[in-house]
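A.B. asks: Below is the structure I would like to discuss, written out as structure tokens.
Derivation of every value follows stated rules applied to the coordinates shown; laboratory data play no part. All of these numbers come straight from a predicted model, not from anything done at the bench. No Cβ is skipped: glycine too gets one built from the backbone with ideal geometry, and neighbour counts run over all protein chains shown.
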Amino acid sequence: MPYIKGALHVHTNLSDGSVAPAEMLKIYRDLGFGFMAFTDHDYLVGSNRKYFAALPDGDKGFIIFKGLEVEWAEINYAHISKIWGDKEVLVTFNHPAQYKMEIPEVLSRIEVVNKTVKVDAIEVTHKGRYYAQYNVREISLPKVATDDSHHADECGRAWIEVEGSRDPDGIIQAIKAGDFIRGFR
């Protein structure tokens, strides 16, 4: 089965990005991606209903995940992304490299979040750059690559590719199981 390429962490001008959602969709589609997740900052988007309504829907050729990047107060405002499929939800611990976290701190913060919601994956990138120190056995979560794009020139730096499934829940299940490959430009 062919792989489907995807971006799990995309910002728009609805929060702190500079590109409108429809344009971000076009950029990723033109780069050969098959899915993407809008994850604007929760504290910047205002009413969630208005935010989600402002995001484009996917189609048979391109899957859109609607999500949020949440600042988690209990872990010193580090970021967690939540994206929703039809029934499945993917929770990702975002960019520990941005916070210059050591592995024990990462594990401690994930443990705190897990008391409320289960963390399913961790980013081993920041702004598309790979940080090998987070791709270790001590962190027993699937390690995803994202470009955390805020601007057009940041799109397509890092991604994952999932084999086969072309439905939102199937993609999320594959990510949770670690059934994907990471890619970098």
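A.B. asks: Give the order of Ser47, Ser108, Ser18 when sorted by the count of other beta carbons within 10 angstrom, beginning with the fewest. Don't skip to the end; give the middle numbers.
C.D. replies: Values: Ser47 8, Ser108 12, Ser18 15.
Listing Ser47, Ser108, Ser18 from fewest to most nearby Cβ atoms yields Ser47, Ser108, Ser18.
A.B. asks: May I pose another question? Restricting to DSSP H runs of at least four residues, report the calculated mean residue ellipticity at 222 nm for the chain, -39500 (n - 2.57) per run over all residues, nearest 500 deg cm²/dmol. Numbers along the way, then the final one.
C.D. replies: Working: 4 runs with 39 residues, N = 185.
That comes out to -6000 deg cm²/dmol.
A.B. asks: Follow-up question, since we're still on this one. Take the alpha carbon atoms of segment 62-101, find their center, do the same for segment 103-153, and report the distance between the two centers in whole angstrom.
C.D. replies: Cα centres, segment 62-101 to segment 103-153: 9 Å.
A.B. asks: Compute the distribution of all C-alpha to C-alpha distances in segment 3-184, in bins of 5 Å from 0, and list the percent of pairs in each, rounded to whole numbers.
C.D. replies: For segment 3-184, the pair-distance distribution reads 1, 9, 19, 23, 22, 16, 8, 2, 0.
A.B. asks: With 10 angstrom as the radius, rank Ser15, Ser81 by how many other C-beta atoms surround their C-beta, starting from the fewest.
C.D. replies: Details: Ser15 19, Ser81 26.
The order, fewest Cβ neighbours first, is Ser15, Ser81.
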